[in-house]
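Chemist: Got a structure here, written out as structure tokens. Questions coming.
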Amino acid sequence: VQLQASGGGLAEPGGSVRLSCTASGSIVKINVMGWYRQVPGKERELVAHITTLGRIKYADFVKGRFAISRENRTNTVHLQMNTLAPEDTAVYYCTLRDSEKIYWGQGTQVTVSS
């Protein structure tokens with residue numbers, strides 16, 4: 001399974017960024033796609049994930065600011081991030097998890113700064 005992410009970049013505090021990620025390869029029909037993030041010196045943490053059936057989990061720090069969605073037909077997951085704060089600055093990783101393992105994308109940088 002390969003994961004190709006797009007989006008990210010620089011945003012001002014209070015601004016928005018949209019991340020997208022498409023999976024390809026031998027994909028199990030039932031899976032969970034999502035996003036993690038990591039800042040230097042800290043562990044990677046879950047941001048949000050969504051199952052094939054649309055069940056969603058958000059990290060507490062999202063606080064209603066982010067929205068995750070997916071398109072099963074194209075194996076694509078989106079993360080709409082609004083009301084961004086400097087502490088959201090991180091490398092964001094797309095993931096796909098099936099019954100056997102978790103696959104990781106290459107990471108995309110999101111920087112929130114004025």
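The values are calculated or read from the model by the stated rules, or taken from the named source; none is laboratory data. Computed from a predicted structure; not experimentally measured. With ideal geometry, Cβ positions are generated from the backbone for all residues, glycine too; neighbour counts draw on all protein chains shown. Calculation scope for accessible area: heavy atoms of the full protein, side chains included, ligands and nucleic acids excluded. Shrake-Rupley method; radii C 1.70, N 1.55, O 1.52, S 1.80 Å.
Chemist: Each label point is 7 Å from the Cα along the Cα-to-Cβ direction; what then is the distance between the points at residue 28 and residue 83, in nm?
Modeler: Going from the residue 28 label point to the residue 83 one covers 3.6 nm.
Chemist: Let me ask another. Using a 1.4 Å probe on the protein heavy atoms only, what accessible surface does residue 98 show? Give it in Å² to the nearest 10.
Modeler: Accessible surface of residue 98 is approximately 20 Å².
Chemist: Ordering 18, 44 from largest to smallest accessible area (1.4 angstrom probe), what's the sequence?
Modeler: Reading off the accessible areas and sorting them downward yields 18, 44.
Chemist: Apply the Karplus parameterisation 6.51 cos²θ - 1.76 cosθ + 1.60, with θ equal to phi minus 60°, to every residue of the range 23-28 and state each ³J(HN,Hα) to the nearest whole Hz, in sequence, with x for glycine and proline.
Modeler: Once rounded to whole Hz, the list reads 9, 9, x, 7, 9, 5.
Chemist: Answer with one residue from 23, 64, 10: the one whose Cα lies farthest towards the positive end of the charge dipole of the chain, charges on Cβ with Lys, Arg +1 and Asp, Glu -1.
Modeler: 23
Chemist: Continuing with this model, one more query. Between residue 43 and residue 67, what is the label-to-label distance in nm when each label sits 7 Å out along the Cα-to-Cβ direction?
Modeler: Result: 3.1 nm between the two label points.
Chemist: Still on this structure, I have one more. What whole-number value in Å² describes the accessible area per residue of the chain for a 1.4 Å probe? All intermediate terms of the calculation are to be shown ahead of the outcome.
Modeler: Details: 6260 Å² over 114 residues.
That works out to 55 Å² per residue.
Chemist: Moving to a separate point now. I'd like the carbon and sulfur percentage of the solvent accessible area for the chain, probe radius 1.4 Å, heavy atoms only, ligands and nucleic acids excluded.
Modeler: On the way: 3060 of 6260 Å².
The nonpolar share, carbon plus sulfur, comes to 49 percent.
Chemist: Can you tell me the relative contact order of the range 1-109? Whole percent, Cα pairs under 8 Å, sequence separation 6 or more. Let's see the in-between values first.
Modeler: Numbers: 243 pairs, mean separation 38.8, N = 109.
36 percent.
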